[in-house]
Each structure stands twice: as C-alpha cells, then as structure tokens.
C-alpha cells in the first residue's frame, strides 16, 4: 500500500485503483485508466461516487478535456523518474482546461521532484510505504526562489529582479 502525501503530510487515500480486467467496479471512489473510461463510460458515469482517471505519460490532457467535469481526480503516471511529461500535463489541465480537482502523481517520483510537482499543479503524490517522509517534507522547503513562473503564489526570480531594477 502506498502512502499519500498532500502538502508534505501523510493523508488518507480513499481511492481504489481499478484494473482494466476487473469485472465489477466496487462502491466508493475509484480510479480507472483512460482505456477503461472510454470502454465503460456509460456505466462509470451512472455511478453516484467520485471518479478518477489515470493517464499514462504518453496520454495528453486534451484526451480527457471534454470529460473533466466528470472527474474528481486525475492521476498522472511517471513510468520512470526522468520522464517529465506529466509535469506538462498537470499544468495544461490547470491552465488550459481549468481543472480544479485533485491531480495525483503516481509511479516513479523522487523527493527532489516534489516542489516541482506542487508548482505545476499536483495536489498529491503516492509514495512507497518505505519512503523517508522527512526527505519529502524537506523537499518542499529546499528551494526558496524559482526561476520560472508557477501555478503557486510565489514570485519567480525574473520578476523579483525587475522589481529591484537588476535586470537590464
């Protein structure tokens, strides 16, 4: 069982990931693959419980854009830690499609990436039970100034320099 981190703290995971071959879908909040969503859309939409969709790293935000109002959660997969396509997908979900629900990082994510996850719109991350939680918490405060704009309220270095007149 993986731990779930939200804002650097362990949070309860009430969601159940459903395998594509599972015959029945249990009650309660479930996460299904994009393929299962496409196959069983009518039955899944008829449920009266929260629904989440999981996107692989090669599946883009536009593939679920028309259905985002049906999802409470979008889980974005990191197949390996160096595959950063999910960062772009999260930002696109927030900025271009206006998704306000939970965006969860799943798969191979490192503590060093945690702050970047938050800055691009992720609200939670699944980590292994054996994870050193202090490393994850520390990662949120490790970098205090960023170079690029983010979805968070902090100001990037370029804007700070303009304010103090150090950019020519």
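Here are a few things to note about the model shown:
- Hits in region 33-74 (condition: part of a strand (DSSP E or B) and more than 19 Å from residue 22 (Cα to Cα)): 73, 74
Here's the yes/no breakdown for (1) surrounded by 15 or more Cβ atoms within 10 Å (Cβ to Cβ); (2) in contact with a strand residue (DSSP E or B) (Cβ under 6 Å, 6 or more places away or on another chain); (3) closer than 26 Å to residue 26 by Cα; (4) at pLDDT 70 or above:
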site	(1), (2), (3), (4)
74	yes, yes, yes, yes
99	yes, no, yes, yes
106	yes, yes, yes, yes
115	yes, no, no, yes
138	no, no, no, yes
152	no, no, no, no
160	no, no, no, no
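- Sole residue being under 16 Å from residue 122 (Cα atoms) and touching a residue at least 40 places away in the same chain (Cβ under 8 Å), chosen from 4, 60, 68, 55: 4
- Residue count for region 21-35, restricted to those that are more than 10 Å from residue 54 (Cβ to Cβ) and either touching a strand residue (DSSP E or B) at 6+ places or on another chain (Cβ under 7 Å) or modelled with pLDDT of 95 or more (or both): 4.
- So residue 145, is it assigned to a strand (DSSP E or B), touching a helix residue (DSSP H, G or I) at 6+ places or on another chain (Cβ under 8 Å) and either farther than 24 Å from residue 62 by Cβ or at pLDDT 90 or above (or both): no
- In this entry, residue 84 is excluded by the filter for residues that are at positive phi and at pLDDT 90 or above.
- Condition check for residue 120: at pLDDT below 95, touching a helix residue (DSSP H, G or I) at 6+ places or on another chain (Cβ under 8 Å), buried (at least 16 other Cβ atoms within 10 Å of the Cβ) and more than 21 Å from residue 20 (Cα to Cα): yes
The values are calculated or read from the model by the stated rules, or taken from the named source; none is laboratory data. Just so it is clear, the model here is predicted, and its values are computed rather than measured. When we count neighbours, we look across all protein chains shown, and the Cβ atoms used for this are built from the backbone with ideal geometry, even at glycine.
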